[in-house]
Amino acid sequence: MLSTKPKTKILVDGGDPGETSRVKKFLGFVDGQTTNPSLIAKNPEIQKRIASGHSLSSQEENDAYRKIVQTISPLVGNAGVSIEVFADLDTRADDMLAQGKEMFTWIPNAYIKYPCTQEGMKAAEMSVREGMRVNMTLCFSQEQAAAVYAATKGSKAPVYISPFVGRLDDRGENGIDLVKNIKTMYRNGDGHVHVLAASIRHLDHLLASFALNAELVTVPAKVLEKWASNNFPMPERDFSFTGASDSGEALRSIPYKELDMDRAWQSFDITHELTTRGIQKFVADYRSTLKRSA
């Protein structure tokens, strides 16, 4: 069991309450949890139903998602449970907001996840006005992070931004650089947006998130188990992340950009192909659990 909690809050990235309980047992705590359609589709109960030939209707999927997060909710600390709206590339902000409002009532510690798209930004802007907690997901650029800052000014609760480290690494870019660049940019702000490092693939990603003082990090159980089996190492003062691609080549650095976060969020170029691909992946995983309509 971990004797001293890191400054960075640790969330479990998963959709299985049993897994969350196991992590809590060997860590001694879990600060929060992130969920998404892909993780819910992998939930053991959902998989069991699909294996038995019983696909779910949209309502059954929604009910199952609610039941899962309601089971996770009391297991975690004050970083809450992030619940993702269903959004494909055509989903409008009003639809996302309607889903978000319903999901926000499911548990007392809900964070509603919207994608870093134009419609997602609009939904987030409306949500914070209504006092909802939000987590902006599928972040792959500093511009997206600047837009999130601008769109959510005045939020009563911390807003989360989730840069996806591993998916940038997958295409040869150093995803940890994005976390570092967002943290650097936010030093000039009012502190209302917290960086939640996501798509954590291995121990060095976790240690780098600690070293950069990310406010939060969401981690698959298998990486947390590796951390525990290594007796919970923490980064040394001179820790430096030097990642490599699967082929062994050094990852390309992501340069820092000077961005004015006081600009209107609509003025930032927030398009990114990995955000688009991420949405398509979530949609495919969500639909894999659904009954086919005639």
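The values are calculated or read from the model by the stated rules, or taken from the named source; none is laboratory data. As the structure is a computational prediction, the values presented were derived from the model and not from experiment. With ideal geometry, Cβ positions are generated from the backbone for all residues, glycine too; neighbour counts draw on all protein chains shown. With ligands, DNA and RNA removed, areas are computed over all heavy atoms of the protein, side chains included. Shrake-Rupley method; radii C 1.70, N 1.55, O 1.52, S 1.80 Å.
Every listed requirement among (1) in contact with a Pro (Cβ under 8 Å, 6 or more places away or on another chain); (2) surrounded by fewer than 24 Cβ atoms within 10 Å (Cβ to Cβ) is met by Thr137 save one, (2). Within the range 202-232, how many residues turn out to be surrounded by fewer than 18 Cβ atoms within 10 Å (Cβ to Cβ), within 22 Å of Asp170 (Cα to Cα) and out of contact with any helix residue (DSSP H, G or I) (no Cβ under 9 Å at 6 or more places or on another chain)? The total comes to 1. Candidates Val76, Val85: the one that is under 18 Å from the mean Cα position of the chain (by Cα), β-branched (Val, Ile, Thr) and under 24 Å from Glu273 (Cβ atoms) is Val85.
The residue that is most open to solvent (accessible area, probe 1.4 Å), counting only those in the range 90-107 that are within 21 Å of Asp285 (Cα to Cα) and polar (S, T, N, Q), is Gln99.
When Lys222 is tested against (1) closer than 20 Å to Asn36 by Cα; (2) touching a residue at least 60 places away in the same chain (Cβ under 8 Å); (3) in a helix (DSSP H, G or I), exactly one condition is not met: (2). The set of residues from the range 250-266 being surrounded by fewer than 13 Cβ atoms within 10 Å (Cβ to Cβ) and of a type in the set (A, V, I, L, M) comprises Ala250, Ala264. Residues that are open to solvent by 50 Å² or more (accessible area, probe 1.4 Å), over 28 Å from Ser229 (Cβ atoms) and small (Gly, Ala, Ser) were ranked within the range 18-58; the one that is nearest to the chain's Cα centre (by Cα) is Ser58.
Return the residue satisfying two criteria in turn: it lies in the range 140-149 and is under 13 Å from Asp262 (Cα atoms) and touching a strand residue (DSSP E or B) at 6+ places or on another chain (Cβ under 7 Å), and of such residues it is surrounded by the fewest Cβ atoms within 10 Å (Cβ to Cβ).
Quick first cut of the range 140-149, residues under 13 Å from Asp262 (Cα atoms) only: 143, 145-149.
Those left that are additionally touching a strand residue (DSSP E or B) at 6+ places or on another chain (Cβ under 7 Å): 145, 148-149.
Numbers: Ala145: 29, Val148: 29, Tyr149: 26.
Across the range 140-149, the extreme among qualifying residues is Tyr149.
When the range 1-17 is filtered for residues that are among the aliphatic types (A, V, I, L, M) and open to solvent by 10 Å² or more (accessible area, probe 1.4 Å), the ones remaining, listed by number, are Met1, Leu2. Looking only at residues in the range 143-178 that are in a strand (DSSP E or B) and among the β-branched types (Val, Ile, Thr), the one that is nearest to Phe268 (Cα to Cα) is Ile161.
Would you confirm whether or not the range 82-89 contains a residue that is touching a helix residue (DSSP H, G or I) at 6+ places or on another chain (Cβ under 7 Å), free of Cβ contacts under 8 Å to residues at least 40 places away in the same chain, among the aliphatic types (A, V, I, L, M) and surrounded by 21 or more Cβ atoms within 10 Å (Cβ to Cβ)?
Keep residues of the range 82-89 that are touching a helix residue (DSSP H, G or I) at 6+ places or on another chain (Cβ under 7 Å), which gives 83-89.
Going one step further and asking which of them are free of Cβ contacts under 8 Å to residues at least 40 places away in the same chain, we end up with 85.
Narrowing the set further to residues that are among the aliphatic types (A, V, I, L, M) leaves 85.
Filter once more, so that each one left must be surrounded by 21 or more Cβ atoms within 10 Å (Cβ to Cβ): 85.
Looking through the range 82-89, at least one residue is touching a helix residue (DSSP H, G or I) at 6+ places or on another chain (Cβ under 7 Å), free of Cβ contacts under 8 Å to residues at least 40 places away in the same chain, among the aliphatic types (A, V, I, L, M) and surrounded by 21 or more Cβ atoms within 10 Å (Cβ to Cβ).
For the range 121-134, name all the residues that are within 14 Å of the chain's Cα centre (by Cα) and either under 15 Å from Ile270 (Cβ atoms) or open to solvent by 10 Å² or more (accessible area, probe 1.4 Å) (or both).
Of all residues in the range 121-134, those within 14 Å of the chain's Cα centre (by Cα) come to 133-134.
Correct list: Arg133 only.
One residue stands out in the range 43-68 among those that are part of a loop (DSSP other than H, G, I, E, B) and touching a residue at least 60 places away in the same chain (Cβ under 8 Å): the one that is nearest to Ala110 (Cα to Cα), namely Ser57.
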